[in-house]
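Accompanying notes for the structure given below.
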Amino acid sequence: MNNGLKAANTLKWFALITCFIGALLFVANVSDFRAENFGLMAAIGFLIAASNIFLLSVVFRLLHLEPKN
């Protein structure tokens, strides 16, 4: 496996971990739904970050695919 695919797999795992942390924070803080709730806002940030990290992992994987002959 080349370095680009290793980076893509690492980013995929970071995205999954970030999504899991965001989901846990969201479940713990959803009862107090307001803008001053820092835990809820952090949870939403983690979930958005997870989607961005996963998108980057897909881009890395596509950039490092070898063409088939």
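The values are calculated or read from the model by the stated rules, or taken from the named source; none is laboratory data. Fair warning: this is a prediction, and the values are worked out from it, not measured in the lab. Please note that ligands, DNA and RNA were not included when accessible areas were found on the heavy atoms of the full protein model with its side chains. Shrake-Rupley method; radii C 1.70, N 1.55, O 1.52, S 1.80 Å.
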Whole-number accessible area per residue in Å² for the chain, which is evaluated in the context of all protein chains at 1.4 Å: 75 Å²
In nanometres, the difference between 0.36 nm per residue of separation and the alpha-carbon distance of LEU65 and PHE33 is 7.2 nm
Please report, in whole Å, how far the alpha carbons of the chain spread along each principal axis, starting with the longest. 56, 16, 14
Choice from ALA43, ALA23, ALA35 showing the highest fluctuation, given a GNM over the chain with Cα pairs closer than 10 Å: ALA35
